[in-house]
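What follows is a set of notes on a single structure, which appears directly below.
The values are calculated or read from the model by the stated rules, or taken from the named source; none is laboratory data. Just so you know, these numbers come straight off a predicted model, no measurement behind them. Cβ atoms come from the backbone with ideal geometry, glycine included; neighbour counts cover every protein chain shown. Please note that ligands, DNA and RNA were not included when accessible areas were found on the heavy atoms of the full protein model with its side chains. Shrake-Rupley method; radii C 1.70, N 1.55, O 1.52, S 1.80 Å.
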Amino acid sequence: MKPKQKFRLSDIADLAGVSTATVDRVLNRRPNVRALTAERVWEAYQKLKDTKLGQTLEERRIKFKGVIHCILPSGAGPSIDENLKLALQAFGGHYERPVSFHFYRRIDPVAFSHAIEQALNEGAGALVVLGIDHPRTTQRLSAIRATGMPVVSLLSNLSVSPQLSHVGMDNRAAGKTAGALMGRFLRADEGEVAILCGSSMYQSHEDREMGFRAALRERCPSIRVLDVLAGKDGPEDNHYNVVDLIRCQPNLKGIYNVGSGNRGVVSALVELGLERDIVVIAHNLTSSSRDYLISHAVDAIIHQNMNDVARGAFELLAGSAPATGSKIIRTEVILQENLPIE
C-alpha cells in the first residue's frame with residue numbers, strides 16, 4: 001500500500017537524486033528498481049516525514065526571499081564541478097528558489113573577490129560560498145553578513161566563520177581518520193609519508209593536515225611525515241610533485257592528498273610503475289576516484305556527501321536552523337570493499 005503523503009513526489013525525488021517516476025515505482029512497490037535506489041528513495045521519504053519538511057515547505061518558501069548566488073572555484077575537480085553544483089541546483093528546485101552560479105579561478109583571492117561583487121551587483125539575496133581564507137574576502141563577507149544578508153560557507157571554514165553559517169565535515173577529524181588508516185595500511189613500517197594540499201588558504205586543507213600528522217605521530221612514530229607539497233588542486237602540479245618527490249624520496253610509503261587533483265597523483269604513480277606499491281588516501285568519491293579504488297591505485301577515500309552539504313546549506317538559508325553556526329556532515333570512509341553501487 002502506498003504511504004500516505006504530506007509532500008510531493010518531486011520533493012522525495014530531489015532529496016533522493018532520482019526521477020519522480022522512480023519514486024512512484026518505489027512507493028507503490030513496483031518491480032525493476034535496484035535495491036540501492038529503492039533504499040535512497042525510502043530514506044528520503046523518511047527524512048521528509050521525520051522532519052515534517054513537507055508540512056512546512058510552503059511556509060519556508062514564503063519566509064525565504066531572493067536569488068541564491070553560489071560562488072565556487074572552477075576546475076576544483078568533479079566533486080565540486082559536478083556533484084556539489086548538481087546538489088545545489090536540485091535543492092534550489094526543491095525549495096523553489098532560483099540559484100545562480102559564479103565560478104572563480106581557484107586559489108585566487110582577487111578572482112574570488114570579483115565573483116562576490118558580481119553576485120552582489122546582480123542582486124543576490126543570499127550567498128553560498130566555497131571560498132579561500134584571505135583577508136581581502138573574509139572581511140568583505142563579514143561586512144555583507146552584517147547587513148543582514150545570509151552567507152553560508154561550504155566545505156572549508158573561513159576565519160570569520162563565527163559570524164557566518166557553515167556546512168561541512170569536521171576536517172580535523174577527517175585528517176585523523178586518514179592518519180589512522182595510513183598507519184593501519186603501513187603497519188607501523190618505517191619510511192616517509194607525503195601530504196599534498198591545494199593551498200594553505202583553504203582552512204579545510206590545513207585542518208586535515210594537522211589531524212593526519214597528529215594521528216600518525218600517536219600511532220606510528222617511526223613514520224616520518226614530510227613537508228606539505230602544494231599542488232594548487234591541479235592534476236598537472238600534483239603529477240609533477242609526485243614524480244619529483246619519489247625521485248628524491250625512494251623510501252616513500254604513502255601519500256595523503258587532502259584536496260583535489262587525484263588524477264595527477266595516480267598518473268604519476270602509473271608512470272613510475274608504483275601504483276600498487278605506495279598507499280594513497282584521497283578525498284571525495286567521484287566517477288574518477290571510484291575507478292582508482294577499483295584499480296587499487298587509491299586505497300581509501302574520505303568522503304562527504306554533497307547532497308547532505310547542499311541540504312544543510314538550504315536548511316540554514318530557509319530558517320530551519322540557526323542563522324549562524326555549523327552543520328557537521330558525516331565523514332565516510334570508502335574502500336574497494338564497501339564501494340557503493342552507482
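Relative to the longest principal axis of the Cα atoms of the chain, helix 262-272 runs at roughly 30 degrees. Our coupling estimate for the range 9-22, obtained by passing each phi through the Karplus curve with A = 6.51, B = -1.76, C = 1.60 and θ = phi - 60°, is 4, 5, 4, 5, 4, 4, 5, 8, x, 10, 7, 5, 5, 5 Hz, Gly and Pro reported as x.
Carbon and sulfur together cover what percent of the accessible area of the range 187-342 at a 1.4 Å probe radius?
Ligands and nucleic acids excluded, carbon and sulfur reach 46 percent.
Volume of the convex hull of the range 67-186 (Cα atoms only), normalised per residue: 121 Å³. In a fully extended conformation the segment linking Arg105 and Ile341 would gain 81.7 nm over its present Cα-Cα distance, using 0.36 nm per residue.
Spin-label model, Glu122 to Arg30: label points 7 Å out along the Cα-to-beta-carbon direction sit 3.8 nm apart. For the peptides 12-24, 109-121, residues were scored by their other Cβ atoms within 10 Å and the scores averaged per peptide; the highest-first order is 12-24, 109-121. Taking Cα centre as origin and charging only the Cβ of basic (Lys, Arg, +1) and acidic (Asp, Glu, -1) residues, the dipole magnitude of the chain rounds to 1360 debye. For the chain, the solvent-accessible area with a 1.4 angstrom probe is 45 square angstrom per residue.
Considering only beta bridges that DSSP places wholly inside the chain, some 5 percent are antiparallel.
Computed 3J(HN,Hα) for the range 100-108, one whole-Hz value per residue from the Karplus formula 6.51 cos²θ - 1.76 cosθ + 1.60 where θ = phi - 60°, is 10, 10, 10, 10, 10, 4, 4, 6, 10, glycine and proline marked x. Once the Cα atoms of helix 135-146 and of the chain are each reduced to a long axis, what angle between those two axes, in degrees from 0 to 90 to the nearest 10, is obtained? Here the helix axis deviates by roughly 20 degrees. Packing here is the average count of other Cβ atoms within 10 Å per residue, and on that basis the peptides 297-309, 94-106, 247-259, highest first, run 297-309, 247-259, 94-106. Annotation: amide H-H contacts under 5 Å for Ile107 (H modelled 1.01 Å from N, sequence separation of 5 or more, or interchain): none. On the principal axes of its alpha carbon atoms, the range 144-273 extends 55, 33, 18 Å, with the longest extent given first. In the chain, Rg over Rh equals 1.00, where Rg is the alpha-carbon radius of gyration and Rh the Kirkwood radius from pairwise Cα distances. Per residue of the chain, the DSSP helices (runs of n ≥ 4 H) give a summed -39500 (n - 2.57) that works out to -14500 deg cm²/dmol at 222 nm. With N the number of residues in the range 227-342, Rg(Cα) / (2.2 N^0.38 Å) evaluates to 1.26.
Every pair of different Cα atoms in the range 72-142 enters the Kirkwood calculation, which places the hydrodynamic radius at 12.8 Å. Between beta-carbons, use under 9 Å as the cut-off and find the net charge around Gly261, counting Lys and Arg +1, Asp and Glu -1. Charge balance in the 9 Å sphere: -1.
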